[in-house]
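The block underneath contains the structure these notes are about, expressed in C-alpha coordinates.
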Amino acid sequence: MSVTTDTIRDTHMARPDDEERDYERAVKTWSAGKFDDWPNEAGFEGLTEIRGPVELKVTGSIPTWAAGTLYRTGPGGYTVENTPKGTFKTTHWFDGFAHTHKFDIVSDPNGPKGLVRVLYSSRHQAEDYVDAIRQTGRLPRLSFGQRQDPCIGVFGKLMSVFKREEQQPMPASANVCVTVHADLPGLVTKTEQTTSGHRTRSKALFLATDASRLQEISPDTLEPIGLAKQQILHPLLKGPLSSAHAQRDPETGDLFNFNLDMGLYATYRVFRTNSTSGTTDILATISALDLKPAYIHSFFLSPSFVILCIPSSHLGYMGISVPWSGNIVDAIEPFDRSKICKWFIVDRRHDRGVVATFETPAGFFFHSINSFEDYNEFTGDIDVFCDVVEYPSTDIIRAFEMDVLLNNQDKEELYLKDEQRIRNCLPRVVRRRFRVPAEKTGKIPRIAETIFEIKAPHAGELPTINPDYATKRYRYVYSLANRGYSTLHDIIVKTDLTTRQTLCWRGPKGHTPGEAIFVPRPKHARDGDGDGDEDDGVLLSVILDGFNKTSYLVCLDAKTMQELGRAICDWAIGHGFHGLHI
Ligand SMILES: [Fe+2]
(Lines give C-alpha, C1' and ligand atoms only; values in the text may rest on other atoms or scores of the structure.)
Protein backbone atom coordinates (compact mmCIF):
# COMPACT_ATOMS: atom_id res chain seq x y z
CA MET A 1 0.00 0.00 0.00
CA SER A 2 1.58 3.27 -1.05
CA VAL A 3 1.39 6.24 1.22
CA THR A 4 1.40 9.69 -0.31
CA THR A 5 3.24 12.45 1.46
CA ASP A 6 0.35 14.89 1.71
CA THR A 7 -0.54 14.09 5.29
CA ILE A 8 -0.25 15.64 8.74
CA ARG A 9 3.34 14.33 8.53
CA ASP A 10 4.24 17.09 6.13
CA THR A 11 1.79 19.84 6.88
CA HIS A 12 2.28 21.42 10.25
CA MET A 13 -1.33 22.44 10.17
CA ALA A 14 -4.23 20.14 9.43
CA ARG A 15 -7.85 21.00 8.75
CA PRO A 16 -10.86 19.18 10.16
CA ASP A 17 -11.66 17.93 6.65
CA ASP A 18 -8.40 15.96 6.78
CA GLU A 19 -9.34 13.95 9.86
CA GLU A 20 -10.69 10.85 8.16
CA ARG A 21 -7.92 10.88 5.55
CA ASP A 22 -5.16 11.23 8.17
CA TYR A 23 -6.75 8.52 10.32
CA GLU A 24 -6.82 6.06 7.40
CA ARG A 25 -3.23 6.94 6.51
CA ALA A 26 -2.11 6.35 10.08
CA VAL A 27 -3.72 2.89 9.94
CA LYS A 28 -2.03 2.07 6.63
CA THR A 29 1.34 3.50 7.68
CA TRP A 30 1.29 1.58 10.97
CA SER A 31 0.32 -1.58 9.10
CA ALA A 32 3.39 -1.17 6.88
CA GLY A 33 5.53 -1.54 10.02
CA LYS A 34 8.28 0.83 8.91
CA PHE A 35 8.90 2.80 12.04
CA ASP A 36 11.12 5.86 12.32
CA ASP A 37 11.87 5.45 16.00
CA TRP A 38 13.12 2.87 18.48
CA PRO A 39 16.00 1.86 16.18
CA ASN A 40 17.65 0.56 19.33
CA GLU A 41 16.71 0.21 22.95
CA ALA A 42 17.57 3.81 23.86
CA GLY A 43 14.97 4.94 26.30
CA PHE A 44 14.79 1.47 27.77
CA GLU A 45 18.27 0.27 28.56
CA GLY A 46 21.35 1.75 30.18
CA LEU A 47 19.45 4.70 31.55
CA THR A 48 21.66 6.99 33.52
CA GLU A 49 20.97 8.13 37.06
CA ILE A 50 22.54 11.55 37.55
CA ARG A 51 22.21 12.73 41.10
CA GLY A 52 23.62 16.08 39.96
CA PRO A 53 22.60 18.75 39.58
CA VAL A 54 24.44 19.18 36.30
CA GLU A 55 23.97 22.11 33.98
CA LEU A 56 22.52 21.40 30.55
CA LYS A 57 23.51 23.25 27.41
CA VAL A 58 20.67 25.56 26.39
CA THR A 59 20.10 26.61 22.80
CA GLY A 60 17.51 29.13 21.64
CA SER A 61 15.61 30.84 24.38
CA ILE A 62 13.40 29.53 27.15
CA PRO A 63 11.30 32.36 28.66
CA THR A 64 12.29 33.43 32.18
CA TRP A 65 8.64 33.19 33.23
CA ALA A 66 8.81 29.43 32.59
CA ALA A 67 11.27 29.26 35.49
CA GLY A 68 10.46 26.65 38.09
CA THR A 69 10.99 22.95 38.52
CA LEU A 70 9.77 20.38 36.05
CA TYR A 71 9.50 16.90 37.54
CA ARG A 72 9.11 13.92 35.20
CA THR A 73 8.58 10.34 36.27
CA GLY A 74 8.47 6.99 34.56
CA PRO A 75 10.42 3.79 34.06
CA GLY A 76 14.20 3.95 34.07
CA GLY A 77 15.35 0.37 33.69
CA TYR A 78 13.79 -2.87 32.59
CA THR A 79 16.23 -5.68 33.24
CA VAL A 80 18.02 -7.14 36.28
CA GLU A 81 21.14 -9.18 35.62
CA ASN A 82 22.42 -12.15 37.63
CA THR A 83 19.27 -13.29 39.38
CA PRO A 84 18.95 -16.98 40.39
CA LYS A 85 16.81 -17.38 37.28
CA GLY A 86 19.19 -15.53 34.96
CA THR A 87 18.42 -12.11 33.57
CA PHE A 88 15.03 -10.76 34.62
CA LYS A 89 13.26 -8.79 31.89
CA THR A 90 10.25 -6.58 32.39
CA THR A 91 7.60 -7.45 29.84
CA HIS A 92 5.34 -4.37 30.02
CA TRP A 93 6.34 -0.71 29.65
CA PHE A 94 4.34 0.25 32.76
CA ASP A 95 6.43 -2.08 34.96
CA GLY A 96 9.84 -0.50 34.30
CA PHE A 97 11.67 0.56 37.45
CA ALA A 98 10.89 4.00 38.86
CA HIS A 99 13.18 6.83 37.82
CA THR A 100 12.29 10.47 38.45
CA HIS A 101 13.90 13.46 36.75
CA LYS A 102 14.14 17.10 37.79
CA PHE A 103 14.79 20.05 35.52
CA ASP A 104 15.39 23.26 37.46
CA ILE A 105 14.76 26.15 35.10
CA VAL A 106 16.33 29.23 36.69
CA SER A 107 16.97 32.79 35.61
CA ASP A 108 20.66 33.56 35.30
CA PRO A 109 21.31 36.69 37.39
CA ASN A 110 24.76 37.09 35.87
CA GLY A 111 23.79 36.45 32.28
CA PRO A 112 22.07 38.66 29.74
CA LYS A 113 18.46 39.58 30.57
CA GLY A 114 16.07 36.83 29.65
CA LEU A 115 18.61 34.00 29.79
CA VAL A 116 17.77 30.90 31.74
CA ARG A 117 19.94 28.05 32.95
CA VAL A 118 18.64 24.50 33.20
CA LEU A 119 20.00 22.18 35.89
CA TYR A 120 19.21 18.47 35.74
CA SER A 121 19.25 15.67 38.26
CA SER A 122 17.59 12.27 38.51
CA ARG A 123 17.21 9.37 40.89
CA HIS A 124 15.99 5.79 40.91
CA GLN A 125 13.19 5.25 43.43
CA ALA A 126 12.83 1.46 43.49
CA GLU A 127 16.29 0.19 44.44
CA ASP A 128 15.09 -2.19 47.18
CA TYR A 129 12.44 -3.50 44.79
CA VAL A 130 15.12 -4.18 42.18
CA ASP A 131 17.32 -5.83 44.85
CA ALA A 132 14.43 -8.17 45.72
CA ILE A 133 14.22 -9.18 42.06
CA ARG A 134 17.99 -9.72 42.02
CA GLN A 135 17.67 -12.10 44.96
CA THR A 136 14.71 -14.14 43.71
CA GLY A 137 14.41 -13.56 39.98
CA ARG A 138 10.79 -12.56 40.52
CA LEU A 139 8.79 -9.41 41.13
CA PRO A 140 8.21 -8.93 44.87
CA ARG A 141 4.79 -7.35 44.40
CA LEU A 142 1.84 -7.38 42.04
CA SER A 143 2.68 -5.72 38.77
CA PHE A 144 0.75 -4.03 36.02
CA GLY A 145 1.43 -6.51 33.27
CA GLN A 146 4.46 -8.71 33.98
CA ARG A 147 3.93 -12.11 32.41
CA GLN A 148 3.93 -14.81 35.06
CA ASP A 149 6.84 -17.11 35.56
CA PRO A 150 5.41 -20.44 34.27
CA CYS A 151 7.47 -22.33 36.87
CA ILE A 152 5.69 -20.78 39.83
CA GLY A 153 2.95 -23.45 39.85
CA VAL A 154 -0.39 -23.51 41.60
CA PHE A 155 1.06 -23.64 45.14
CA GLY A 156 3.29 -20.64 44.46
CA LYS A 157 0.32 -18.76 43.07
CA LEU A 158 -1.73 -19.54 46.16
CA MET A 159 1.08 -18.30 48.36
CA SER A 160 1.21 -15.10 46.32
CA VAL A 161 -2.54 -14.60 46.71
CA PHE A 162 -2.39 -14.90 50.48
CA LYS A 163 0.95 -13.18 51.04
CA ARG A 164 0.70 -10.53 53.74
CA GLU A 165 2.17 -7.15 53.07
CA GLU A 166 4.95 -6.03 55.36
CA GLN A 167 3.81 -3.46 57.94
CA GLN A 168 6.57 -0.92 57.49
CA PRO A 169 8.01 -1.36 54.04
CA MET A 170 11.25 0.32 53.07
CA PRO A 171 10.67 3.52 51.05
CA ALA A 172 12.35 2.10 47.95
CA SER A 173 10.65 -1.30 48.12
CA ALA A 174 7.75 -0.33 45.85
CA ASN A 175 7.73 0.61 42.20
CA VAL A 176 5.67 3.80 41.94
CA CYS A 177 6.29 6.04 38.94
CA VAL A 178 3.19 7.10 37.04
CA THR A 179 2.28 10.59 38.30
CA VAL A 180 3.88 13.33 40.42
CA HIS A 181 1.88 15.30 43.02
CA ALA A 182 2.88 18.17 45.29
CA ASP A 183 1.67 18.77 48.84
CA LEU A 184 -1.11 16.20 49.04
CA PRO A 185 -3.54 17.13 51.84
CA GLY A 186 -4.22 14.80 54.73
CA LEU A 187 -0.72 13.37 54.94
CA VAL A 188 1.74 14.38 57.63
CA THR A 189 4.72 13.93 55.46
CA LYS A 190 8.17 12.75 56.29
CA THR A 191 9.37 16.07 54.95
CA GLU A 192 7.20 17.85 57.52
CA GLN A 193 8.07 15.52 60.37
CA THR A 194 11.73 16.22 60.00
CA THR A 195 11.25 19.96 60.22
CA SER A 196 12.10 21.12 63.77
CA GLY A 197 9.44 19.33 65.73
CA HIS A 198 6.27 20.94 64.42
CA ARG A 199 4.41 20.85 61.14
CA THR A 200 5.42 23.33 58.54
CA ARG A 201 4.20 23.65 55.01
CA SER A 202 7.40 22.46 53.44
CA LYS A 203 6.94 21.34 49.90
CA ALA A 204 6.39 17.62 49.81
CA LEU A 205 6.41 15.53 46.68
CA PHE A 206 4.65 12.23 46.03
CA LEU A 207 4.65 9.63 43.30
CA ALA A 208 1.46 7.70 42.60
CA THR A 209 0.27 4.78 40.55
CA ASP A 210 -3.01 2.93 40.07
CA ALA A 211 -2.64 1.27 43.45
CA SER A 212 -3.69 2.86 46.73
CA ARG A 213 -0.02 3.26 47.68
CA LEU A 214 1.90 6.53 47.47
CA GLN A 215 5.62 7.11 47.67
CA GLU A 216 7.00 10.29 49.17
CA ILE A 217 10.25 11.54 47.68
CA SER A 218 12.46 14.48 48.52
CA PRO A 219 11.59 17.43 46.28
CA ASP A 220 15.29 18.37 46.29
CA THR A 221 17.26 15.12 46.00
CA LEU A 222 14.39 12.90 44.71
CA GLU A 223 15.43 10.32 47.33
CA PRO A 224 12.55 7.99 48.31
CA ILE A 225 11.67 8.77 51.92
CA GLY A 226 8.39 7.06 52.71
CA LEU A 227 5.52 4.88 51.58
CA ALA A 228 1.91 5.51 52.55
CA LYS A 229 -1.42 3.85 51.88
CA GLN A 230 -4.67 5.66 51.21
CA GLN A 231 -6.07 4.03 54.34
CA ILE A 232 -4.25 6.56 56.49
CA LEU A 233 -6.62 9.16 55.04
CA HIS A 234 -9.73 7.18 56.06
CA PRO A 235 -10.10 3.65 57.50
CA LEU A 236 -12.55 2.64 54.74
CA LEU A 237 -10.04 3.33 51.97
CA LYS A 238 -8.66 -0.18 52.36
CA GLY A 239 -8.94 -1.45 48.79
CA PRO A 240 -5.79 -2.10 46.79
CA LEU A 241 -6.61 -0.09 43.66
CA SER A 242 -7.14 3.57 42.92
CA SER A 243 -6.43 6.10 40.20
CA ALA A 244 -2.95 7.44 39.52
CA HIS A 245 -4.58 10.72 38.49
CA ALA A 246 -5.97 12.07 41.74
CA GLN A 247 -7.51 15.47 41.04
CA ARG A 248 -7.49 18.79 42.92
CA ASP A 249 -10.21 21.41 43.06
CA PRO A 250 -8.54 24.39 41.36
CA GLU A 251 -9.95 26.86 43.92
CA THR A 252 -9.83 25.00 47.24
CA GLY A 253 -7.01 22.54 46.60
CA ASP A 254 -9.18 19.71 47.96
CA LEU A 255 -8.08 16.29 46.75
CA PHE A 256 -10.43 13.82 45.02
CA ASN A 257 -9.95 10.18 44.13
CA PHE A 258 -11.58 6.80 44.48
CA ASN A 259 -10.55 3.60 46.20
CA LEU A 260 -11.56 0.21 44.82
CA ASP A 261 -12.07 -2.65 47.24
CA MET A 262 -12.72 -6.14 45.98
CA GLY A 263 -14.38 -9.14 47.61
CA LEU A 264 -17.81 -10.62 47.12
CA TYR A 265 -18.72 -7.27 45.55
CA ALA A 266 -16.69 -4.51 44.02
CA THR A 267 -16.89 -1.37 46.15
CA TYR A 268 -15.81 1.98 44.76
CA ARG A 269 -15.46 4.69 47.41
CA VAL A 270 -15.23 8.20 45.98
CA PHE A 271 -13.58 10.50 48.50
CA ARG A 272 -12.49 14.06 49.14
CA THR A 273 -9.65 15.19 51.38
CA ASN A 274 -10.04 18.75 52.63
CA SER A 275 -6.92 20.78 51.89
CA THR A 276 -7.25 22.89 55.04
CA SER A 277 -8.27 20.40 57.71
CA GLY A 278 -6.76 17.31 56.12
CA THR A 279 -9.95 15.37 56.90
CA THR A 280 -11.36 12.87 54.40
CA ASP A 281 -15.05 12.36 53.55
CA ILE A 282 -16.48 9.46 51.57
CA LEU A 283 -18.71 11.17 49.00
CA ALA A 284 -20.22 7.98 47.61
CA THR A 285 -19.98 4.23 48.13
CA ILE A 286 -20.80 2.54 44.84
CA SER A 287 -21.46 -1.18 44.93
CA ALA A 288 -24.01 -3.45 43.28
CA LEU A 289 -24.43 -7.10 42.38
CA ASP A 290 -23.92 -6.41 38.69
CA LEU A 291 -21.05 -3.97 39.15
CA LYS A 292 -17.60 -5.31 38.32
CA PRO A 293 -14.22 -4.17 39.59
CA ALA A 294 -12.28 -2.64 36.71
CA TYR A 295 -8.89 -1.21 35.86
CA ILE A 296 -9.43 2.57 35.84
CA HIS A 297 -6.58 5.04 35.35
CA SER A 298 -8.43 8.37 35.74
CA PHE A 299 -11.80 10.01 36.38
CA PHE A 300 -13.44 13.43 35.89
CA LEU A 301 -13.87 16.45 38.12
CA SER A 302 -16.37 19.19 37.25
CA PRO A 303 -17.33 22.17 39.44
CA SER A 304 -20.23 20.26 41.04
CA PHE A 305 -19.42 16.60 40.58
CA VAL A 306 -16.90 13.78 40.66
CA ILE A 307 -17.66 11.61 37.64
CA LEU A 308 -16.52 8.00 37.78
CA CYS A 309 -16.65 5.94 34.60
CA ILE A 310 -16.26 2.17 34.93
CA PRO A 311 -15.04 1.11 31.49
CA SER A 312 -14.98 -2.36 29.91
CA SER A 313 -11.66 -3.37 31.55
CA HIS A 314 -13.36 -5.66 34.07
CA LEU A 315 -11.18 -7.71 36.43
CA GLY A 316 -12.07 -11.39 36.47
CA TYR A 317 -13.67 -13.25 39.39
CA MET A 318 -14.51 -10.03 41.24
CA GLY A 319 -10.84 -9.08 41.28
CA ILE A 320 -9.38 -12.32 42.67
CA SER A 321 -7.78 -12.74 39.23
CA VAL A 322 -5.36 -9.94 40.08
CA PRO A 323 -3.42 -11.71 42.85
CA TRP A 324 -3.94 -15.03 41.06
CA SER A 325 -2.40 -13.70 37.83
CA GLY A 326 0.13 -11.57 39.69
CA ASN A 327 -0.78 -8.63 37.50
CA ILE A 328 -3.65 -6.50 36.32
CA VAL A 329 -3.35 -7.05 32.56
CA ASP A 330 -3.83 -10.82 32.73
CA ALA A 331 -6.72 -10.33 35.16
CA ILE A 332 -8.70 -8.19 32.70
CA GLU A 333 -11.53 -10.22 31.16
CA PRO A 334 -11.67 -10.54 27.37
CA PHE A 335 -13.29 -7.52 25.78
CA ASP A 336 -16.83 -7.79 24.51
CA ARG A 337 -19.50 -5.33 23.50
CA SER A 338 -21.83 -6.36 26.32
CA LYS A 339 -19.46 -4.76 28.85
CA ILE A 340 -20.89 -1.28 28.49
CA CYS A 341 -19.32 1.67 30.30
CA LYS A 342 -21.15 2.76 33.44
CA TRP A 343 -20.95 6.36 34.62
CA PHE A 344 -21.70 7.59 38.15
CA ILE A 345 -22.24 11.29 38.79
CA VAL A 346 -21.31 12.02 42.41
CA ASP A 347 -22.32 15.30 44.04
CA ARG A 348 -19.36 17.09 45.63
CA ARG A 349 -21.13 20.33 46.61
CA HIS A 350 -24.08 19.14 48.67
CA ASP A 351 -23.05 15.60 49.60
CA ARG A 352 -26.05 13.92 47.94
CA GLY A 353 -24.02 10.89 46.86
CA VAL A 354 -24.67 9.48 43.39
CA VAL A 355 -27.22 11.81 41.75
CA ALA A 356 -27.44 10.17 38.31
CA THR A 357 -26.08 7.22 36.37
CA PHE A 358 -25.44 6.90 32.65
CA GLU A 359 -24.36 4.27 30.16
CA THR A 360 -22.22 4.54 27.05
CA PRO A 361 -21.02 1.87 24.59
CA ALA A 362 -18.26 -0.54 25.58
CA GLY A 363 -14.75 0.90 25.38
CA PHE A 364 -11.68 1.85 27.37
CA PHE A 365 -9.71 4.94 28.35
CA PHE A 366 -6.59 5.79 30.27
CA HIS A 367 -6.99 9.56 30.44
CA SER A 368 -9.75 11.99 31.14
CA ILE A 369 -8.90 15.44 29.76
CA ASN A 370 -11.24 17.93 31.41
CA SER A 371 -14.84 18.34 32.55
CA PHE A 372 -17.01 21.46 32.79
CA GLU A 373 -20.68 22.39 33.19
CA ASP A 374 -23.55 24.49 31.86
CA TYR A 375 -26.29 25.37 34.34
CA ASN A 376 -29.89 25.76 33.13
CA GLU A 377 -31.39 28.41 35.39
CA PHE A 378 -34.96 27.60 34.34
CA THR A 379 -34.93 23.86 35.00
CA GLY A 380 -32.06 23.59 37.45
CA ASP A 381 -30.54 20.89 35.23
CA ILE A 382 -26.78 20.81 34.86
CA ASP A 383 -25.17 19.70 31.62
CA VAL A 384 -21.87 18.06 32.47
CA PHE A 385 -19.35 17.73 29.64
CA CYS A 386 -16.64 15.07 29.94
CA ASP A 387 -13.74 14.96 27.48
CA VAL A 388 -11.71 11.76 27.29
CA VAL A 389 -9.07 10.00 25.17
CA GLU A 390 -10.93 6.83 24.30
CA TYR A 391 -10.38 3.48 22.57
CA PRO A 392 -13.03 1.18 21.11
CA SER A 393 -11.65 -1.87 22.98
CA THR A 394 -9.04 -2.83 25.58
CA ASP A 395 -6.46 -3.89 22.94
CA ILE A 396 -4.28 -0.81 23.66
CA ILE A 397 -3.26 -2.22 27.06
CA ARG A 398 -1.21 -4.99 25.46
CA ALA A 399 0.12 -2.67 22.77
CA PHE A 400 2.38 -1.24 25.50
CA GLU A 401 4.14 -4.56 26.08
CA MET A 402 7.89 -4.26 25.59
CA ASP A 403 8.04 -6.70 22.68
CA VAL A 404 5.41 -4.67 20.86
CA LEU A 405 7.06 -1.31 21.55
CA LEU A 406 10.50 -2.57 20.60
CA ASN A 407 9.23 -4.50 17.60
CA ASN A 408 11.03 -7.52 19.09
CA GLN A 409 10.99 -11.06 17.72
CA ASP A 410 8.13 -10.24 15.41
CA LYS A 411 5.78 -9.97 18.39
CA GLU A 412 4.83 -6.52 17.23
CA GLU A 413 3.93 -7.97 13.89
CA LEU A 414 1.83 -10.62 15.54
CA TYR A 415 0.03 -8.11 17.69
CA LEU A 416 -0.32 -5.08 15.46
CA LYS A 417 -0.27 -6.35 11.91
CA ASP A 418 -3.97 -6.95 12.21
CA GLU A 419 -5.63 -3.83 10.81
CA GLN A 420 -8.63 -3.98 13.12
CA ARG A 421 -6.34 -4.12 16.12
CA ILE A 422 -4.45 -1.07 14.87
CA ARG A 423 -7.76 0.77 14.60
CA ASN A 424 -8.51 -0.32 18.16
CA CYS A 425 -5.17 1.12 19.31
CA LEU A 426 -5.61 4.54 17.70
CA PRO A 427 -7.30 6.84 20.22
CA ARG A 428 -9.91 9.53 19.72
CA VAL A 429 -10.92 12.51 21.79
CA VAL A 430 -14.58 12.19 22.67
CA ARG A 431 -16.79 14.86 24.29
CA ARG A 432 -19.99 13.66 25.92
CA ARG A 433 -22.83 15.57 27.52
CA PHE A 434 -24.51 14.18 30.63
CA ARG A 435 -27.75 16.01 31.49
CA VAL A 436 -28.02 15.84 35.28
CA PRO A 437 -31.52 16.76 36.51
CA ALA A 438 -31.96 19.04 39.49
CA GLU A 439 -33.51 16.17 41.44
CA LYS A 440 -31.77 12.86 41.97
CA THR A 441 -32.78 10.35 39.33
CA GLY A 442 -33.85 6.79 39.95
CA LYS A 443 -31.60 3.84 39.39
CA ILE A 444 -32.39 3.56 35.69
CA PRO A 445 -29.29 4.71 33.82
CA ARG A 446 -29.61 7.50 31.30
CA ILE A 447 -27.96 7.72 27.90
CA ALA A 448 -25.21 10.29 27.40
CA GLU A 449 -25.02 12.34 24.22
CA THR A 450 -21.84 12.29 22.14
CA ILE A 451 -21.02 15.85 21.08
CA PHE A 452 -17.97 15.07 18.93
CA GLU A 453 -15.16 12.62 18.27
CA ILE A 454 -11.74 13.62 16.91
CA LYS A 455 -9.69 10.70 15.66
CA ALA A 456 -5.92 10.14 15.80
CA PRO A 457 -3.62 11.59 14.65
CA HIS A 458 -5.59 14.85 15.02
CA ALA A 459 -5.51 14.02 18.74
CA GLY A 460 -3.56 11.52 20.79
CA GLU A 461 -2.53 10.27 24.20
CA LEU A 462 -1.08 11.82 27.39
CA PRO A 463 -3.36 14.86 27.01
CA THR A 464 -2.66 18.15 28.79
CA ILE A 465 -4.39 21.52 28.93
CA ASN A 466 -3.68 24.97 30.31
CA PRO A 467 -4.09 24.15 34.03
CA ASP A 468 -5.94 27.45 34.61
CA TYR A 469 -8.82 25.96 32.59
CA ALA A 470 -9.30 22.81 34.68
CA THR A 471 -13.07 22.33 35.35
CA LYS A 472 -13.82 25.26 32.99
CA ARG A 473 -14.97 25.44 29.38
CA TYR A 474 -11.77 25.35 27.34
CA ARG A 475 -10.57 25.16 23.78
CA TYR A 476 -7.16 23.52 23.39
CA VAL A 477 -5.79 20.09 24.22
CA TYR A 478 -2.14 19.10 23.69
CA SER A 479 -1.39 15.42 23.20
CA LEU A 480 0.98 12.90 21.60
CA ALA A 481 -0.27 11.34 18.39
CA ASN A 482 0.92 8.46 16.28
CA ARG A 483 0.77 8.84 12.51
CA GLY A 484 1.98 5.27 12.17
CA TYR A 485 5.69 6.11 12.07
CA SER A 486 6.24 5.02 15.66
CA THR A 487 5.25 2.11 17.84
CA LEU A 488 4.28 4.76 20.40
CA HIS A 489 3.96 8.48 19.51
CA ASP A 490 5.63 10.61 16.88
CA ILE A 491 4.22 14.16 17.10
CA ILE A 492 2.96 16.64 19.65
CA VAL A 493 -0.42 17.82 18.41
CA LYS A 494 -2.42 20.86 19.49
CA THR A 495 -6.12 20.29 18.86
CA ASP A 496 -8.56 23.19 18.77
CA LEU A 497 -11.74 21.61 20.11
CA THR A 498 -13.81 24.50 18.77
CA THR A 499 -12.66 24.61 15.14
CA ARG A 500 -11.14 21.10 15.06
CA GLN A 501 -8.01 22.53 13.44
CA THR A 502 -4.69 21.11 14.54
CA LEU A 503 -1.09 22.25 14.70
CA CYS A 504 1.73 19.84 15.31
CA TRP A 505 5.39 19.76 16.28
CA ARG A 506 7.50 16.94 14.98
CA GLY A 507 11.17 16.31 15.49
CA PRO A 508 13.59 14.75 13.05
CA LYS A 509 13.23 11.06 12.24
CA GLY A 510 13.52 8.95 15.36
CA HIS A 511 12.73 11.73 17.86
CA THR A 512 9.95 10.58 20.17
CA PRO A 513 8.14 13.19 22.27
CA GLY A 514 7.01 12.81 25.87
CA GLU A 515 3.96 14.35 27.57
CA ALA A 516 3.86 18.10 26.82
CA ILE A 517 3.26 20.12 29.97
CA PHE A 518 1.65 23.54 29.53
CA VAL A 519 3.12 26.47 31.48
CA PRO A 520 0.90 29.57 31.19
CA ARG A 521 2.52 32.97 30.75
CA PRO A 522 1.89 34.77 34.05
CA LYS A 523 0.11 38.15 34.05
CA HIS A 524 3.20 40.03 35.18
CA ALA A 525 5.10 38.72 32.14
CA ARG A 526 2.67 39.89 29.49
CA ASP A 527 4.11 43.37 29.15
CA GLY A 528 2.94 43.75 25.57
CA ASP A 529 4.19 40.27 24.65
CA GLY A 530 1.42 37.81 25.34
CA ASP A 531 -2.31 38.15 24.83
CA GLY A 532 -3.42 36.19 27.91
CA ASP A 533 -5.36 33.78 25.69
CA GLU A 534 -5.80 30.16 26.72
CA ASP A 535 -2.86 29.14 24.53
CA ASP A 536 -0.56 31.96 25.70
CA GLY A 537 2.17 29.85 27.24
CA VAL A 538 4.82 27.26 26.51
CA LEU A 539 4.90 23.48 26.31
CA LEU A 540 7.75 21.56 27.95
CA SER A 541 8.39 18.06 26.58
CA VAL A 542 11.29 15.63 26.99
CA ILE A 543 12.21 14.28 23.57
CA LEU A 544 14.09 11.02 23.08
CA ASP A 545 16.49 10.94 20.13
CA GLY A 546 16.57 7.19 19.53
CA PHE A 547 19.41 7.27 16.99
CA ASN A 548 21.86 9.22 19.15
CA LYS A 549 20.64 7.72 22.44
CA THR A 550 20.22 11.18 23.92
CA SER A 551 17.33 13.31 25.13
CA TYR A 552 16.49 16.99 25.31
CA LEU A 553 13.89 19.19 26.94
CA VAL A 554 12.16 21.19 24.24
CA CYS A 555 10.25 24.41 24.92
CA LEU A 556 7.52 25.20 22.37
CA ASP A 557 5.41 28.31 21.92
CA ALA A 558 1.97 26.80 22.56
CA LYS A 559 0.32 29.30 20.22
CA THR A 560 2.40 28.42 17.16
CA MET A 561 3.91 25.05 18.18
CA GLN A 562 7.28 26.43 17.08
CA GLU A 563 10.40 25.66 19.10
CA LEU A 564 11.68 28.48 21.32
CA GLY A 565 14.61 26.68 22.90
CA ARG A 566 15.93 23.40 24.23
CA ALA A 567 18.12 22.04 27.02
CA ILE A 568 20.31 19.19 25.82
CA CYS A 569 21.35 16.03 27.71
CA ASP A 570 24.23 13.82 26.58
CA TRP A 571 22.30 10.79 27.78
CA ALA A 572 18.93 9.18 27.16
CA ILE A 573 16.05 9.80 29.52
CA GLY A 574 13.66 6.87 29.70
CA HIS A 575 10.41 7.49 27.86
CA GLY A 576 8.23 8.33 30.84
CA PHE A 577 4.61 8.90 31.75
CA HIS A 578 3.72 12.12 33.52
CA GLY A 579 5.20 15.17 35.16
CA LEU A 580 4.54 18.35 37.08
CA HIS A 581 5.80 21.92 36.70
CA ILE A 582 5.93 23.91 39.89
FE1 LIG B 1 -1.69 8.50 33.08
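Counting only residues that are in a helix (DSSP H, G or I) and of a type in the set (A, V, I, L, M), how many does region 326-340 have?
2
Could you run through region 332-370 and say how many residues are within 16 Å of the ligand (Cβ to nearest atom) and touching a residue at least 60 places away in the same chain (Cβ under 8 Å)?
6
May I ask you to verify whether Asn327 is within 16 Å of the ligand (Cβ to nearest atom), of a type in the set (S, T, N, Q), touching a residue at least 12 places away in the same chain (Cβ under 8 Å) and in contact with a Phe, Trp or Tyr (Cβ under 8 Å, 6 or more places away or on another chain)?
So Asn327 fails the test.
Please go through (1) farther than 26 Å from Lys34 by Cβ; (2) touching a residue at least 40 places away in the same chain (Cβ under 8 Å) for Phe547 and return the number of the only condition it doesn't satisfy.
(1)
Just the residues that are farther than 24 Å from Arg473 by Cβ and within 16 Å of the ligand (Cβ to nearest atom), please, taken from region 371-393.
Result: Tyr391, single match.
Among the candidates Glu401, Glu412, Glu373, Glu461, single out the residue that is surrounded by 14 or more Cβ atoms within 10 Å (Cβ to Cβ), under 30 Å from Tyr78 (Cβ atoms) and at pLDDT 95 or above.
Glu461
Check whether at least one residue in region 523-533 is buried (at least 16 other Cβ atoms within 10 Å of the Cβ), out of contact with any Asp or Glu (no Cβ under 8 Å at 6 or more places or on another chain) and of a type outside the set (Gly, Ala, Ser), and report yes or no.
no
Consider Ile492 carefully, then state whether it is under 30 Å from Arg349 (Cβ atoms) and either crowded, with 24+ Cβ neighbours inside 10 Å or modelled with pLDDT of 90 or more (or both).
Criteria not met by Ile492.
Considering (1) within 23 Å of Leu227 (Cα to Cα); (2) at pLDDT below 90; (3) in contact with an Asp or Glu (Cβ under 6 Å, 6 or more places away or on another chain), say which one Arg141 fails and leave the rest.
That leaves (3) as the condition not met.
As an exercise: evaluate Lys455 against (1) at pLDDT 90 or above; (2) more than 30 Å from Met402 (Cα to Cα) and give the number of the one condition it does not meet.
(2)
State which residue is surrounded by the most Cβ atoms within 10 Å (Cβ to Cβ) when the search covers only region 497-516 and only residues that are closer than 25 Å to Phe385 by Cβ and in contact with a Ser or Thr (Cβ under 6 Å, 6 or more places away or on another chain).
Step by step, filter region 497-516, then rank; the result is Thr502.
I'm checking my understanding of the structure. Among residues of region 527-582 that are within 16 Å of the ligand (Cβ to nearest atom) and part of a loop (DSSP other than H, G, I, E, B), which one is farthest from Tyr78 (Cα to Cα)?
Top of the filtered list is Phe577.
Please go through (1) crowded, with 22+ Cβ neighbours inside 10 Å; (2) over 30 Å from Tyr415 (Cα atoms) for Leu564 and return the number of the only condition it doesn't satisfy.
Unmet for Leu564, out of (1) crowded, with 22+ Cβ neighbours inside 10 Å; (2) over 30 Å from Tyr415 (Cα atoms): (1).
The values are calculated or read from the model by the stated rules, or taken from the named source; none is laboratory data. Everything quoted here is computed from the prediction, not taken from an experiment. Note that we place each Cβ from the backbone using ideal geometry, even for glycine, and neighbour counts take in every protein chain shown.
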